[in-house]
1. Over 28 Å between C-alpha atoms is what I'm after, so list which of A:Lys132/A:Lys222; B:Lys47/B:Lys123; A:Lys260/B:Lys124; A:Lys260/B:Lys87; A:Lys92/A:Lys152; A:Lys185/B:Lys124 land there.
2. Is there a quick way to get the dipole size of the range A:123-198? I mean about its Cα centre, with the Cβ of Lys and Arg at +1 and of Asp and Glu at -1; what is the value in debye to the nearest 20?
3. Which residues does a label at A:Arg28 reach in the range A:97-132, if reach means a backbone N under 17 Å from a point 7 Å past the Cα toward the Cβ?
4. Using r as the Cβ-Cβ distance of B:Lys37 and B:Val90, and R0 as 30 Å, what FRET efficiency do you calculate, to the nearest 0.05?
5. Sum up the charges of everything whose Cβ sits under 15 Å from the Cβ of A:Thr206, counting Lys and Arg as +1 and Asp and Glu as -1, but leave A:Thr206 out.
6. Quick one: compute a quarter of the convex hull surface over the Cα atoms of the range B:25-126 and quote it in nm².
7. Quick check: the distance between the Cα centres of the range A:202-277 and the range B:49-105, to the nearest angstrom?
8. Which distance in Å, rounded to a whole number, links the C-alpha centroids of the range A:148-196 and the range A:107-126?
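A short reminder: the numbers here are calculations on the coordinates, not readings from a lab. This structure is a prediction, so every number in the text was calculated from the model and none was measured. Reconstructed Cβ throughout: ideal geometry from the backbone, glycine too, with neighbour counts over all protein chains shown.
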Amino acid sequence: MKKMLLVTAALLLAPILPLVAQSRGATRPAPRMPDGKPDFTGVYQGGTSRPGEWEFQVPGDQPGVPTAATQSVATSQARRDPVPFQPWAREKAQEFLNLRSINDPTSRCLPGPSPRSHSVSLFPIQFVQTPKQIVILYEYFNVFRIIPLDQKSHPDDLEPSFMGHSIGHWEGNTLVVDITGFNDKGWVLSGGVFHSDALHITERYTRTDYDTINYEATIEDKKVLTAPFKTSTTMMLREGTRLREYICPENNEDVLRLEKLLENPELFRRTPTVKPQ
Amino acid sequence: MEINSKLRVGVLLLTISLLGARVEAHHSFGAEYDAEKPITLKGIITKIEWANPHCHIYLDIKETNGTVKNWKFEGYPPNVLARTGFKKDVTLKVGDTLTIFAWQARSGPGLAHAREITLADGKKLYFGPPAGTGEGNAVLP
């Protein structure tokens, strides 16, 4: 009887087992371009490690299921080292946090460098690849990066920019991207991690399987930091998701509202419970 | 169910302590809204704005003294709402009855940051992000 039940269960489950395996991405290798290089083509969600379809902003969070995330704080799955700020910069960044990031450039619809966008799970990111270049399209602020793969150095006429100038090359199966040419107006990571025009970022992208890009960025800024630091996240393939328009300044009431709030910051100021180092 | 709920909260708190980086949004939640002032309101939709960087729902809400107050609720931008399951002129219509879980603005009643909405048929959807988005941790890591 027991054996019969097992056989019946196996027969019933057999048709869906390959689907389960596929949805978990366990056995699907990273695709390759005709020239043998890894192919990053696709739409991805950052700040999460779960394969499958697009998921809500907070991993595992579903409407109708009361959780702490519904009613309190949400967190990103991106990891970052402690930021080795110079003392003056640490003080400045801590004050940004004390004011609950009200001065975040994104509240004025200004984007930040790619390590920030890659840790955001709310907006998809699309990779478009040819043998000579990779283009990354960001729904967050509708910005883009063009990464040539056949240039050894940056041009000598770079203007200050929010997303910087990128050049890429392959190290085995890893795409390594060097970014420079930044302005000093963005935050390289959320939570007050501001930067100067000396910002230099080295990114490493590895598509470890069909569903996953491992992303790691080394962030250097000799005007703000005492040493480089790293941040990392996985970016998960989201088949069936498409990038949409996000024209942030359309009706950005927040600029005026936040300026009014800043007239009396004591109403929302936080006091750090641990003294900054 | 209760154990499951406690487990979820425990896992979430563990995640916060291990990773610590708050999810970000277009702007600071905490400068404008008060996470200590959650509120659930039911009313009639008077206006729906599909606009960036925030969509808004306006509800007429009957107060205990019988007067009606119009509240404004801030939420996700149109791209996120569409991906979350909202269809323009289908999911929400002027005149519909709606229940909204939200956090009140520090400026007082009348403005709130919407999170979960419940349609007349009981279906629940997220209209806005969780509390705390965009404000960062209290202390630098």
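1. A:Lys132/A:Lys222; A:Lys260/B:Lys124; A:Lys260/B:Lys87; A:Lys92/A:Lys152; A:Lys185/B:Lys124
2. With Lys and Arg at +1 and Asp and Glu at -1, about 220 debye.
3. A:125-127
4. E(calc), rounded to 0.05, equals 0.45.
5. -1
6. Averaged projected area of the range B:25-126's Cα convex hull equals 6.4 nm².
7. Answer, in whole Å: 27.
8. Value for the Cα centre distance between the two parts: 15 Å.
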